[in-house]
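Novice: Below is a structure I'd like to ask you about.
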Ligand code: RUB
């Protein structure tokens, strides 16, 4: 059965970063599954529908490797499908309902994180943020509306310049933002009261995987005794890390750093473009989730609460094998 063009478009959008940011790609993944279910035109055999959905699930998951929000969104929807029974119509409904529920809860989580996180922002605070995180922006905007923030430094975030999205996003809410190059972080840190960033993945030991450069920001903050807050929904915690799996770090095309002509002229120079890095828990003061503020060392508790049901299966075969065995083996 053909994959609906809208689903392919979403998959391509995630790959090329037209859709970017861990929360947005998770919601886009759920949306893709919903669209796929709605546009299923195969037979009335429920098994065929399940196989078709597994194919879509694998396609969506394969688009970007680092943000666990993506497989977590897919697993949420597919888990609901795996528990549903009945004819194709009933299974379709299970997918659509689960996808809609994920999207709704994800949007509510961002709001809640804003409210909880804003309470941790000091009065008259100068805040620094890195990359563009909807969750971190929610904290900053809410705190600003409470009259707590006087200034925000936003890094450019090379090579993709997500800092420009942050600049626009915060400015639209009236927040005074100053854009700085990534290399100015340590210099500016003297003026900063608190750092607020987002997360793509949080490991079971509380390490935070986020946009490349985040660990340098955290290191500079640590040295200057500036608190670092990570704003992250609970679906950004990685169950696979419970069984020792490492978070894969995405390496993107060197052409995001230098133009192809430059590469062609300098054939002996290697250009690397790692898109994420890992900040150890020692450099993080607190993680702000929609369920509350936790120390990074409590990441394990979030994982057990959210993914406890899947633990046995994860232990047996890793997360990848959890729900999509048929197609993974193809
Ligand atoms: C974006 C990035 C963001 C997190 C959190 O990376 O690292 O900080 O995804 O974002 P990219 P959010 O631009 O490569 O996707 O809070 O919006 O989920």
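Novice: Please state the relative contact order of region 114-306 as a whole percent: Cα pairs under 8 Å, 6+ residues apart?
Specialist: Relative contact order here is 22 percent.
Novice: If each residue of separation counts as 0.36 nm, what is the full-extension length gain between residue 123 and residue 87 once their alpha-carbon separation is subtracted?
Specialist: Answer, rounded to one decimal: 7.3 nm.
Novice: Let me ask you something else. Based on alpha-carbon positions alone, could you give the equivalent ellipsoid semi-axes of the chain from the gyration tensor, as √(5λ), descending, whole Å?
Specialist: They are 35, 23, 19 Å, listed from largest to smallest.
Novice: I've got another one for you. Tell me what the chain gives for mean residue ellipticity at 222 nm when only DSSP H runs of n ≥ 4 count, each as -39,500 (n - 2.57), the sum divided by the residue total, rounded to 500 deg cm²/dmol. Intermediate values should be presented prior to the final figure.
Specialist: Working: 13 runs with 154 residues, N = 330.
Calculated from helices alone, the mean residue ellipticity at 222 nm is -14500 deg cm²/dmol.
Novice: Fewest Cβ neighbours within 10 Å first, please rank 272, 33, 170 accordingly.
Specialist: 272, 170, 33
Novice: Now, a different point. So how long is each side of region 114-306 along the principal axes, counting just the alpha-carbon atoms, biggest first, in Å?
Specialist: For region 114-306, the Cα spread along each principal axis is 53, 43, 30 Å.
Novice: Under the definition of Cα pairs under 8 Å and six or more residues apart, what whole-number percent is the relative contact order of the chain? Provide the component values of the computation, followed by the final result.
Specialist: Working: 615 pairs, mean separation 56.6, N = 330.
With pairs under 8 Å counted, the relative contact order is 17 percent.
Novice: How do 54, 183 line up, fewest other C-beta atoms within 10 Å first?
Specialist: 183, 54
Novice: Still on this structure: Quick one: divide the alpha-carbon radius of gyration of region 52-131 by 2.2 N^0.38 Å and tell me what you get. Each step should come with its number before you reach the end.
Specialist: Details: Rg = 17.6 Å, N = 80, 2.2 N^0.38 = 11.6 Å.
Dividing the Cα radius of gyration by 2.2 N^0.38 Å gives 1.52.
Novice: What is the distance in Å between the Cα centres of region 2-18 and region 237-256?
Specialist: 21
Novice: Ranked by Cβ crowding within 10 angstrom, fewest neighbours first, how are 53, 189, 17 ordered?
Specialist: 17, 189, 53
Novice: While we're on this one: Hey, could you pull the Cα Rg and Dmax for region 231-295, both in Å?
Specialist: Just the Cα atoms of region 231-295 yield Rg and Dmax of 17.8, 52 Å.
Novice: Rounded to the nearest whole Å³, what is the per residue volume of the convex hull around the Cα atoms of region 191-279?
Specialist: Taking only Cα atoms, region 191-279 has a hull volume of 135 Å³ per residue.
Novice: On to the next question. Based on the alpha carbons, how large is the Rg to Rh ratio for region 109-212 when Rh follows Kirkwood?
Specialist: That ratio is 0.94, to two decimals.
Novice: Next question, about the same structure. Along each principal axis of its Cα atoms, how long is region 47-183 end to end? Whole angstroms, biggest number first, please.
Specialist: That works out to 58, 32, 21 Å along the principal axes.
Novice: Project the alpha carbons of region 1-121 onto their principal axes and report the range along each, largest first, in whole Å.
Specialist: Sorted largest first, the three principal extents are 55, 30, 19 Å.
Novice: Calculate, in nm to one decimal, what residue 191 and residue 249 gain on full extension: separation in residues at 0.36 nm each, minus their alpha carbon distance. Could you put the intermediate results ahead of the total?
Specialist: Numbers: separation 58, 0.36 × 58 = 20.88 nm, distance 3.14 nm.
Taking 0.36 nm per residue and subtracting the Cα distance, the gain is 17.7 nm.
Novice: Follow-up. In the chain, what % of DSSP beta bridges are antiparallel (nearest 5)?
Specialist: 35
Every number here is computed from the coordinates shown, using simple stated rules; none is lab data. Here the structure is a predicted model, which means the values were calculated and not measured. Please note: Cβ atoms are built from the backbone with ideal geometry, for glycine as well, and neighbour counts cover all protein chains shown.
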